[in-house]
Ligand SMILES: [Zn+2]
């Protein structure tokens with residue numbers, strides 16, 4: 001779940017010491033600039049300012065600044081991905097390869113059978 005829902009915001013506000021505002025501060029996931037996002041309950045709903053908040057895992061929050069959110073509202077590349085590939089005859093996670101083999105892996109080209 002990489003989205004924040006209204007239901008979840010209400011739940012967070014209920015459990016927050018300060019029930020008038022929720023605030024997240026830190027580096028924007030995309031541009032790494034400092035960002036601060038606030039969620040304030042008002043009569044017409046919860047007002048979000050400063051960007052957007054994501055919760056890709058329980059209680060793990062990530063933020064995007066307004067500029068990055070406008071460019072791409074989807075949270076991408078937020079978790080490590082283990083890549084397996086063939087090295088000297090068998091499959092192993094690339095992260096466990098030695099430096100020389102990882103360099104060779106990065107030099108590999110993707111084979112496109114449609115251009116044959
Ligand atoms: Zn940004």
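Observations, loosely collected:
- Once the Cα gyration tensor of the chain is diagonalised, semi-axes √(5λ) in Å: 41, 16, 13
- For the chain, adding -39500 (n - 2.57) for each run of n ≥ 4 DSSP H residues and dividing by the number of residues yields -6000 deg cm²/dmol at 222 nm.
- Segment 6-71: relative contact order in percent, alpha carbon pairs under 8 Å with at least 6 residues between: 25 percent
- Applying 1/(1 + (r/R0)^6) with R0 = 35 Å to the Cβ-Cβ distance of residue 27 and residue 97 gives a FRET efficiency near 0.75.
- Considering only 65, 81, 31, the Gaussian network model of the chain with Cα springs below 10 Å gives its largest mean-square fluctuation to 81.
- Rough spin-label spacing in nm, given labels placed 7 Å along Cα→Cβ, for residue 38 and residue 67: 2.1 nm
- The chain: relative contact order as a whole-number percent, Cα under 8 Å and 6+ apart: 17 percent
- Segment residue 59..residue 114, full-extension length gain: 15.3 nm, with 0.36 nm per residue of separation and the alpha-carbon distance subtracted.
- Residue 5 paired with residue 74, simple spin-label distance in nm, labels 7 Å along Cα-to-beta-carbon: 2.1 nm
- Between helix 6-15 and the chain: long-axis angle, C-alpha atoms, 0 to 90°, nearest 10: 70 degrees
- Cβ-Cβ distance of residue 86 and residue 18, R₀ of 41 Å, FRET efficiency by 1/(1 + (r/R0)^6): the value works out to about 0.15.
Read the figures in this text as sums done on the coordinates, not as results from a lab. Keep in mind it's a predicted model, so treat the numbers as computed, not measured. With ideal geometry, Cβ positions are generated from the backbone for all residues, glycine too; neighbour counts draw on all protein chains shown.
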